[in-house]
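A short write-up of the structure that comes next.
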Amino acid sequence: MAPVALIGAASGWGAGFRHTENGPPALRALGLDRWLAERGIDAEWRAMLRAEKLWREHPELRGAVTFDLVLRHAAALADVVAAAMAEARFPVVLGGDHAIAMGTWAGVARATAHRPLGLVWLDAHLDAHTLETTPSMNAHGMGAAALLGHGHAPFRALAGGVLRPEHLCYIGARSYEEGEMALLRRLGVRIIGMDEVRRRGMDAALAEALAIATRGTAGFGISIDLDGFDPRDAPGVGLRESDGFRAAPTLAALSPLARHPGLRALEIVEYIPEFDEQHRTAHLVRDLILALLAPQPVLADTAATTRG
């Protein structure tokens, strides 16, 4: 396993809850690198990218005014991710709101010479809005559309064409607007909603997603929005959506993806430390990384512990 580059993408300008800018620094302060080292992962913080303006200093900024901040932050993130991969390091990008996905996967695409890339997207939401369909004007709801080549033109200039529809699979969607769903259906993107996950099981959902993300691609990534999890396991998020993934079975189901030779990068987003309870969400971030990268995967019966 290549050494891990921990990359903090500390921006909240894409979200309604700007507090996500505090997530990556909190994970660093809690000792995420030490937690991983204790389980045999060679991990080092390589960057902590902050937005040009901090939310608490500019709480008045809203809507389209924030798009330039999101774009410049994502562009800087793409540079850091590509550089880490050029050094033969495995990027683990920690957000920040989910608009950072534009930077994460643009950087991976650049580092892999823009060969076809697959993506497994675990989320309560679809993040596939355009300017015409978004009810909130929050950029974290537009990242997937941009990666597919749709939506806000400057976002498309950075991330457009990174993904082909047939290489993207969602798992866990249960809160979305019809406009974004219509776009994804028209493109033929596979969406395994939470109802289907409950019916078929997480093992089957992840197996199908892996098949989609690896069919005809040069590698794949995993993007995990923590609001995909049930709030009982991930209270430290802004948009708490009930009836989500439970931590233990999800960590167990990730085991077939663990240390997969085609896995190019991991992204975990939307952590808000101020909303967390007894570090449960921070520990979930740790356990997700361990489940995918540790020499010995996290076991389902130990996943909910609060070590460290």
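The values are calculated or read from the model by the stated rules, or taken from the named source; none is laboratory data. These numbers were taken from a predicted model, which means no experiment stands behind them. In this analysis, Cβ positions are derived from the backbone assuming ideal geometry, glycine residues included, and neighbour counts consider all displayed protein chains. Surface areas here come from the heavy atoms of the whole protein model, side chains and all, with no ligands, DNA or RNA. Shrake-Rupley method; radii C 1.70, N 1.55, O 1.52, S 1.80 Å.
Could you list, ordered by first residue, the pairs with Cβ atoms under 6 Å in which the first is in segment 30-42 and surrounded by 14 or more Cβ atoms within 10 Å (Cβ to Cβ) and the second is among the β-branched types (Val, Ile, Thr), at least 6 apart or interchain?
Ile41/Val4
When you check Ala146 against the structure, is it in contact with a helix residue (DSSP H, G or I) (Cβ under 9 Å, 6 or more places away or on another chain), modelled with pLDDT of 95 or more, part of a helix (DSSP H, G or I) and open to solvent by less than 10 Å² (accessible area, probe 1.4 Å), yes or no?
Details: in contact with a helix residue (DSSP H, G or I) (Cβ under 9 Å, 6 or more places away or on another chain): yes; modelled with pLDDT of 95 or more: yes; part of a helix (DSSP H, G or I): yes; open to solvent by less than 10 Å² (accessible area, probe 1.4 Å): yes.
Considered against the rule, which asks whether it is in contact with a helix residue (DSSP H, G or I) (Cβ under 9 Å, 6 or more places away or on another chain), modelled with pLDDT of 95 or more, part of a helix (DSSP H, G or I) and open to solvent by less than 10 Å² (accessible area, probe 1.4 Å), Ala146 comes out as yes.
Could you check segment 107-143 and list, in sequence order, the residues that are more than 21 Å from Phe275 (Cβ to Cβ), open to solvent by less than 10 Å² (accessible area, probe 1.4 Å) and either outside any loop (DSSP other than H, G, I, E, B) or at pLDDT below 95 (or both)?
Answer for segment 107-143, where residues must be more than 21 Å from Phe275 (Cβ to Cβ), open to solvent by less than 10 Å² (accessible area, probe 1.4 Å) and either outside any loop (DSSP other than H, G, I, E, B) or at pLDDT below 95 (or both): Gly107, Val108, Ala109, Leu117, Gly118, Leu119, Val120, Trp121, Gly143.
When you look at Leu257, is it closer than 23 Å to Ser175 by Cα, in contact with a helix residue (DSSP H, G or I) (Cβ under 8 Å, 6 or more places away or on another chain) and hydrophobic (A, V, I, L, M, F, W, C), yes or no?
On the way: closer than 23 Å to Ser175 by Cα: no; in contact with a helix residue (DSSP H, G or I) (Cβ under 8 Å, 6 or more places away or on another chain): yes; hydrophobic (A, V, I, L, M, F, W, C): yes.
No.
Given the conditions (1) free of Cβ contacts under 8 Å to residues at least 24 places away in the same chain; (2) surrounded by 21 or more Cβ atoms within 10 Å (Cβ to Cβ), and given that His73 satisfies all but one, which numbered condition is not satisfied?
In the conditions (1) free of Cβ contacts under 8 Å to residues at least 24 places away in the same chain; (2) surrounded by 21 or more Cβ atoms within 10 Å (Cβ to Cβ), His73 misses (1) alone.
Mind listing just one residue for me: the one in segment 227-251 that is open to solvent by 40 Å² or more (accessible area, probe 1.4 Å) and in contact (Cβ under 8 Å) with a residue 40 or more places away in the chain and, of those, nearest to the chain's Cα centre (by Cα)?
At the first step, the residues of segment 227-251 found to be open to solvent by 40 Å² or more (accessible area, probe 1.4 Å) are 232, 239-243, 246, 249.
Filter again for in contact (Cβ under 8 Å) with a residue 40 or more places away in the chain, leaving 239, 241, 243, 249.
On the way: Leu239: 15, Glu241: 16, Asp243: 19, Pro249: 19 Å.
Residue satisfying both the conditions and the ranking: Leu239.
Could we say that Leu61 is aliphatic (A, V, I, L, M), surrounded by fewer than 18 Cβ atoms within 10 Å (Cβ to Cβ) and touching a helix residue (DSSP H, G or I) at 6+ places or on another chain (Cβ under 9 Å) here?
yes
Being touching a Cys at 6+ places or on another chain (Cβ under 8 Å) and either open to solvent by less than 30 Å² (accessible area, probe 1.4 Å) or modelled with pLDDT of 95 or more (or both) narrows it down to one of Val197, Val189, Val162, so name that one.
Values: Val197 fails: touching a Cys at 6+ places or on another chain (Cβ under 8 Å); Val162 fails: touching a Cys at 6+ places or on another chain (Cβ under 8 Å).
The unique qualifying residue is Val189.
Identify, by number, the condition in (1) touching a Cys at 6+ places or on another chain (Cβ under 8 Å); (2) without any contact (Cβ under 8 Å) to a residue 12 or more places away in the chain; (3) not basic (Lys, Arg) that Ala209 doesn't meet.
(2)
Please verify whether segment 24-41 includes one or more residues that are at pLDDT below 95 and closer than 22 Å to Asp227 by Cα.
no
Could you tell me which residue of segment 15-59 is nearest to Ala76 (Cα to Cα), considering only residues that are small (Gly, Ala, Ser) and in contact with a Ser or Thr (Cβ under 7 Å, 6 or more places away or on another chain)?
Keep residues of segment 15-59 that are small (Gly, Ala, Ser), which gives 15-16, 23, 26, 29, 31, 37, 40, 43, 47, 51.
Narrowing further to those that are in contact with a Ser or Thr (Cβ under 7 Å, 6 or more places away or on another chain): 16, 51.
Numbers: Gly16: 22, Ala51: 10 Å.
This residue is Ala51.
Going by the structure shown, is Leu183 touching a helix residue (DSSP H, G or I) at 6+ places or on another chain (Cβ under 9 Å) and open to solvent by 10 Å² or more (accessible area, probe 1.4 Å)? Spell out the reasoning first.
On the way: touching a helix residue (DSSP H, G or I) at 6+ places or on another chain (Cβ under 9 Å): yes; open to solvent by 10 Å² or more (accessible area, probe 1.4 Å): yes.
Answer is yes for this residue.
Hey, among the residues in segment 170-180 that are within 19 Å of the chain's Cα centre (by Cα) and either among the hydroxyl-bearing types (Ser, Thr, Tyr) or on the phi < 0 side of the Ramachandran plot (or both), which one's most open to solvent (accessible area, probe 1.4 Å)? If you could, list the steps in order and put the result at the bottom.
Taking segment 170-180 first, the residues within 19 Å of the chain's Cα centre (by Cα) are 170-176, 180.
Checking which are either among the hydroxyl-bearing types (Ser, Thr, Tyr) or on the phi < 0 side of the Ramachandran plot (or both) leaves us with 170-171, 173-176, 180.
Values: Tyr170: 2, Ile171: 0, Ala173: 7, Arg174: 60, Ser175: 34, Tyr176: 97, Glu180: 5 Å².
Selected residue: Tyr176.
Can you find even one residue in segment 268-291 that is over 29 Å from Ala82 (Cβ atoms), surrounded by fewer than 20 Cβ atoms within 10 Å (Cβ to Cβ) and at pLDDT below 95?
So far as segment 268-291 goes, no, none of its residues is over 29 Å from Ala82 (Cβ atoms), surrounded by fewer than 20 Cβ atoms within 10 Å (Cβ to Cβ) and at pLDDT below 95.
As an exercise: evaluate Arg56 against (1) of a type in the set (Lys, Arg); (2) within 22 Å of Ser136 (Cα to Cα); (3) under 20 Å from the mean Cα position of the chain (by Cα) and give the number of the one condition it does not meet.
Exception for Arg56: condition (3).
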